[in-house]
Every structure is written in C-alpha cells, then in structure tokens.
1. About the Cα centre of the chain, how large is the charge dipole given +1 on each Lys and Arg Cβ and -1 on each Asp and Glu Cβ? Please answer in debye to the nearest 20.
2. Once every DSSP H run of n ≥ 4 in the chain is given -39500 (n - 2.57) and the sum is divided by its residues, what mean residue ellipticity at 222 nm do you get, rounded to the nearest 500 deg cm²/dmol?
3. Apply the a/c threshold of 1.5 to the C-alpha gyration tensor of segment 323-451 and tell me whether it is rounded, prolate or oblate.
4. Give me TYR388, TYR90 ranked fewest to most by other Cβ atoms within 10 Å of their Cβ, as a rough exposure proxy.
5. Mind ordering 38-45, 236-243 by average Cβ neighbours within 10 Å, highest first?
6. With 10 angstrom as the radius, rank LYS153, LYS60 by how many other C-beta atoms surround their C-beta, starting from the fewest.
7. For the cross-link pairs LYS325/LYS491; LYS60/LYS83; LYS138/LYS363; LYS256/LYS353; LYS353/LYS429, which exceed 31 Å when the distance is taken from alpha carbon to alpha carbon?
8. Specify the inter-centroid distance of segment 256-277 and segment 71-117, based on alpha-carbon positions, in whole Å.
Amino acid sequence: MRVPSPRPVTLSLLSLCLLCGLRGESLAAPPTLTSLHPAGAQRATTVDVTPTGALDANTKVWAGGTGVTVDVVNGKLKVAVAKDAVPGTYWVRAHNAEGASAARPFIVGTLPDLAEVEPNDDYKKAQFVERACVVNGKLEKAGDVDCFAVALKAGQTLVASVEAHHTLRSPMDAMLQIVSADGFVLDENHDWCGLDPQIAFTAKKDGTYIARVFALPAQPDSSVRHFGSDLCTYRLTLTTGAFADFALPPLVSTDKPVTELRGWNLTPAVQKALAFARVEGEDLMTVHAEDIANVVRVRTDPRFCTFGTIEKPRGEARLALTTTKGRPVTLVAESRTHGLAANPVVRVLDADKKELARAVPGKLNGDTTLTFTPPADGPYRAVVTDLYGGGGPRHVFLLRTLWEPDYELTVTADRFTVAPGKPAQIVVKVLRLRGLNKPVELVAEGLPAGVKAEVVQLAKPDPNAVTLSLTADRPASGAFRLVGKVKDDPKLTRTARYLMADFEATTPDLWVTSHGK
C-alpha cells in the first residue's frame, strides 16, 4: 500500500466560528472513530496511528485496560504501550465535551512491527522481511495485492497469520498464499479464524518464499476482482518462531493455572515460560509468553467444565453427565469461542442410549447451548459431534455444565448523555437463569466526578429489568461500569455488558457525557 502523508483534520475559519458559537470552543458533535492504522503495536513501544473518522482539536482518546495510553497530536494518535501490557485486544474511544465515539480495537503484540511499503503487488517485487514481525498493511484499493518475501532454510516452518475481519472488522475476506520465488502457489488458505486466513508452511529446501495477501469483500457482491478500500487494514504475523494455536486443556484453575499450548515451533522452554492474566469481569485467562507471537484464552473454572476431542471425521465424543431429576441443567459446548475447529452438536442420551435432547450451533461457525431437565436421576451421556462431520486434532471442545441459579446483565447502548435539567435513563435487562429469584441490586462504579446514578423506583417493578437515572451537577466525561449484586452472595456479582454487534464482542465499559447542571 502507499502510505499517504498525514492529513490533520482542519476546519475553515467560518466553520470554526460557527461551531465555537454553538458551545464554547468545542465541536458541536461527538467525535467518530472508524478504524486505526496501524491497528496495533509491540509492547514497550510508542507508535503514530492514523485514525479514520472525525476528530476536533479538543478530542481525547481513552483506552480500556492497563498499559495503553493515547494522546492526540496534530490529528494523529500517539499510542504508548507499556512493557508489561498484557498482549491482546484493547478497546479505545475518542471523546470530547459533546460525547464519545464507538469503541475500536487496538492489538498489543510481542513481535516488532513493520509497515507495508508499496509497490509490492508483484511477487517479483515483494517487500523483503528480514525477521519475525507483524506487518501492518492495507489493501487500499480495488485490485490491490501485497507480497512479502521471507528467506527459509529447509525444514523451517513459517507461520503466516492474518488479523483483519475477525478482530478488526476490516471489510475484507482475505486470501493468503505461500508462493515460490518463481511464482508457483505452494500453499493457500481462505478461512482459518472466521474470514481470516492462516498457514503453517514447512520449506522443503532453502530459498525465498513469498506470503501473498489479497481479498474479496466481506459482504459478497457481483464484482470479480480483488477487493480493497481505505478501511481494509490488516496485521500479518510472519514468524519461524513460536506460534500458539490452542491450549490443551482449554481450561485452568485460577489458583495454579497449568496448560500446554499446541501450535508450531513451541519448545519446552517456551512452554515453561507461560504467563496467565485474568480477563477482568470474565471467567477467562489470557495465556501468553514473551517468545510466543500470539495469545490464546482459556476458561478458569474446571469445577463445572470438561473437554473432549472429535478425533476423526464423522466421529463423536462421549462424556459422562450426572444430574438430578427435575433440576434444569445447561450444557454449553465451546470450540469456536477458543479459535478451534468444531461446530458442536450436543445430544443427551439416557442409559438406554435414547436421545432426550439435542441442540446445534445458533449461527454459522458458532458454539452451542442446550438446556435439559432430567426426567430421572442419572446417569446420562453428553454426545458431541461436528455439524459438518468434521474431526481431527483441532476439533477440541469445552463442555460447561451449569445448573446453579445465575443471571446476566445487558444494556442496549454504551454511550449516554446527560443534558442540563434532563437526566439520562439506562434500562438494564436482567436475564434470570436456572431459577434465580433473588433481587438483583445495581450500582454504578467509576462514574466521573459530579455524575450520580440512582435506581428509578417504578410503580410496577419489573423483575427482569432495572432502570437507572444519571444526573450531573457539572460538565463531565468518562467511562463507568454497572455492577449487579445479590445480597449475601458475593459470587453472584455480575457486570452489565453491551453487545458491540460490529465485532461480535461485548464490553463492560460504558461512557457518560454531562453537559453541566
């Protein structure tokens, strides 16, 4: 791609005067943030990032988590990543006195970053990559192709992995090829993780090999050429070092987390150096190491989990299931959630092998939830197969068995504005699970100074929703969370989450903007 010179956001003098007249010296609209390029950085580095969107001179940028800070300098973002930042995805928002943008992802990695340099469309003019790195590229126009050359010794395994649509929601369905120095396609992949491709290629002889990236549109259309646009950013990992595919088992104990990573170029020394970081607000841990190019996530509660593998095509995995008559049990089969290959179909059989319940994934390349009420005390068996008859080493699944009362909290918006004399209302949906009938108390944590939240007492309370009213006595802006609690049961503390539909991800971090009293 051709990297354009920075173009700070500018306003005409007339426009600036009009906007300042509307509200002090701020832009009379919240900022927007559509994408970031580059969309990530290595730990212990500071990078300049070009945002796509609308930012004014008073815009600031907030980053969730710990270890990433962002400053706005001349229309660009200066992102500083701490040395001890946990690798993975961080969410950032632009904000000013009028409001905040939607959250956008920024990926923190362990490998050095390299900027793509055009022209590199032709494999004969591929950009040479001298060491393991993450290439920050962009298919910026229709017909664009990006080529990167790597020198390999016989027997070396190169892992080439693209992050674009799955994590960044770039509007591209990427294709990845490994091409010989004389132009022959030696390997290719289309969809490894969602629409993003990945290849592990072992060289049969010394030589130069080319990783070639191009794309179709993520939303299919009638075009028959390679797709590209200013939003088609990607991160291409190229390494002959350690690369993790998945963890086995995909669950650990919070007290003494132990697991083994499966993937490529993983030495015993690397396995011993694994670090575990708790994902705040979720029963998940991030598994990472300084010498591993990527991260994986695992569940943290082995008391209610087991795992299995559909070892061969059209095969099945059988797991014992002990339940009590009349007590509803929820079985959650996770594979795609952990980047694995199974599309799990779950069946429950009784002692006579009679099928009592069955569930399939709720969406393409999704996981499966089955709720079952046993007609008698066990034993029963849970049988897991693949929806498409697949099987093999990557068809690993985690089966969570849930029967205790629980609940989930959700909101339908992630940004709220408190206008003078007009409180903002937040309706928090309470999804009660497996017979929970206790009251759920809701509190707001982390509100900026001057902003208060109170529960609205309705004439006819709804057990499945809580309404909060936000008021403020001064201008303010900041992130906050809504936390649910059940009296005398601290383990039933849950955080309300907003579904970011564009990314098929949820966030607990909400935003409030107050325009004053």
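We did not get these values from a lab; they are worked out from the coordinates using the rules stated. All figures in this text were calculated on a predicted structure; none of them were measured in a lab. In this analysis, Cβ positions are derived from the backbone assuming ideal geometry, glycine residues included, and neighbour counts consider all displayed protein chains.
1. Details: 59 positive and 57 negative charges, 203 e Å.
So the magnitude is around 980 debye.
2. Working: 3 runs with 19 residues, N = 517.
It lands at -1000 deg cm²/dmol.
3. Oblate, because a/c is 1.5 or more while a/b does not exceed b/c.
4. Lowest count first: TYR388, TYR90.
5. Going from most to least packed, we get 236-243, 38-45.
6. Ascending number of Cβ neighbours within 10 Å: LYS153, LYS60.
7. Correct reply: LYS256/LYS353; LYS353/LYS429.
8. 27
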